[in-house]
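For reference, the structure discussed in these notes is given below.
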Amino acid sequence: MATELHETIFMAKQERHKNLFLNYRNLNNFPVELLKDEGLQFLERLYMKRNSLTTLPDNLAQKLPNLIELYLHSNNIVIIPEAIGNLARLQSLDLSNNALQFLCPEIGRLRSLRHLRLSNNQLKFLPPEIGDLQELETLDVSMNQLVSLPDRLHRCVSLQNLTADHNPLSHVPRQLCWLHRLNQLSMAANRLTFLPLDLGRSRELQFVFVDNNVDLKGLPSYLYNKVIGCSGCGVSAQVLEGDLGEALGEALSEALVGLPAEVKVVGSETDNVVPLEELAMRTLHRIYHHRSIDLNLLPPISLPKSLLGLLRFPLGHCHRCSQAMFTIIYPKLFPLRDTALAGVHRRTTVSFVAYCCSSHCLRTFDLQG
């Protein structure tokens, strides 16, 4: 095996190859042949997937200065040296399926980087310097241990695809709403309780996947006309499959835990009235919003905790009348068959959520699947 590896690298040097494939070589250490003498100054793409590497050499950029793509998927890499920041031409870096617990701040010096894949590692946070990657288009940090995303991520002005599935993330930074080129956001299987109300305001954002965030009760109204994956969220799959009227009743009951019975009167579509609890919440919202009263100073018996949380973070704003909205969810399925994501996500439909704040607005929605 060592002889074959030596011959492969020797041939690459002799013939000035731009691509070098060293996948599945059982490598425990970075091959010294790549770093001898002048190295491989002309090499642009290095593939070293499915080996057993634990680290990278400090002189990697010095010996391979023209690397454009570096693929290190499925190794045992624990640490990336600070010298990684010297790969000035690097555009694609794949460190998926490794053992990274820490990402050095020098990653922010890769100013040409367009694709960064860090899925299935042990990262607990990302360095703020990742926001310096203004050419970055794809960032995949799924299957890590991230509890938050860096606020400076919004400086990645070229970001189009952000995947952060299967982390313990509790919130989405509001600054992500400023990423005007973001086309796809996937944050499935996290611990999200709400999404920023501005999310979806950008016309570029077309695909949002927040499946299996069990505490997520609502979506911003700007996502009304987007493709949404939200199965397994606050409204259970059983409710999604049931009758619309029954789903509405169950969801309202869940939202109104702690309210007196007389406040739980719900106006149906045929009644042509705004639900009483919606009117009450809107009135409270206007009072506290216009008078800027600190909700934390309210007596603890004034409102249930769940409703105080809603006053801070309304479910959205009505797509028709723009009022702050506190109820409720109307599910349907959106076809994916004719979109590029049908193959990527291996499904033909996604859950689609529309909101209304009154029965009048409800009649303007097409809920017929």
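Just so it is clear, none of the values below were taken in a lab; they were calculated from the coordinates. Worth saying up front: this structure is predicted, and the values here are computed from it rather than measured.
With θ set to phi - 60°, apply the Karplus curve 6.51 cos²θ - 1.76 cosθ + 1.60 along segment 41-55 and write out the HN-Hα couplings as whole Hz, x wherever there is a Gly or Pro.
Karplus-based 3J(HN,Hα) across segment 41-55 equals 4, 9, 5, 10, 9, 10, 10, 9, 6, 6, 10, 10, 5, 10, 7 Hz.
I need the phi-derived Karplus couplings for segment 186-196: 6.51 cos²θ - 1.76 cosθ + 1.60, θ = phi - 60°, integer Hz, Gly and Pro marked x.
10, 9, 6, 6, 10, 10, 5, 10, 7, 10, x
Out of residues 5 or more away from Asn212 or on other chains, whose amide H comes under 5 Å of its own, with H placed 1.01 Å from N in the peptide plane?
Residues meeting the criterion, in which the H sits 1.01 Å from N, are Ala189, Ser231, Gly232, Cys233.
How long is the gain from Phe10 to Glu82 if the chain were fully straight, where each residue apart is worth 0.36 nm and the alpha carbon distance is subtracted? Each step should come with its number before you reach the end.
Values: separation 72, 0.36 × 72 = 25.92 nm, distance 2.82 nm.
Once the chain is fully extended between Phe10 and Glu82, it gains 23.1 nm.
Give the relative contact order (percent, whole number) for segment 78-165; include only Cα pairs under 8 Å separated by 6+ residues. Working shown, then result.
Working: 215 pairs, mean separation 22.5, N = 88.
Relative contact order comes out at 26 percent.
Calculate the length of the line joining the C-alpha centroid of segment 34-90 to that of segment 111-157, in whole Å.
So the separation of the two Cα centres works out to 19 Å.
Taking segment 1-140, how many lysine pairs are there with alpha carbons less than 19 Å apart, if each pair must be eight or more places apart or span two chains?
Within segment 1-140, the lysine pair count is 6.
Rounded to whole Å and ordered largest first, report the semi-axes of the equivalent ellipsoid of segment 89-134 derived from its Cα gyration tensor (root of 5λ). List each step's numbers first, then the result.
Numbers: eigenvalues 62, 33, 10 Å².
Semi-axes from the Cα gyration tensor: 18, 13, 7 Å.
Could you give each residue of segment 64-75 its phi-based ³J(HN,Hα) in whole Hz, using Karplus coefficients 6.51, -1.76, 1.60 with θ = phi - 60°, and x for Gly or Pro?
My calculation for segment 64-75 gives 10, x, 9, 4, 9, 9, 9, 10, 10, 4, 6, 10 Hz in order.
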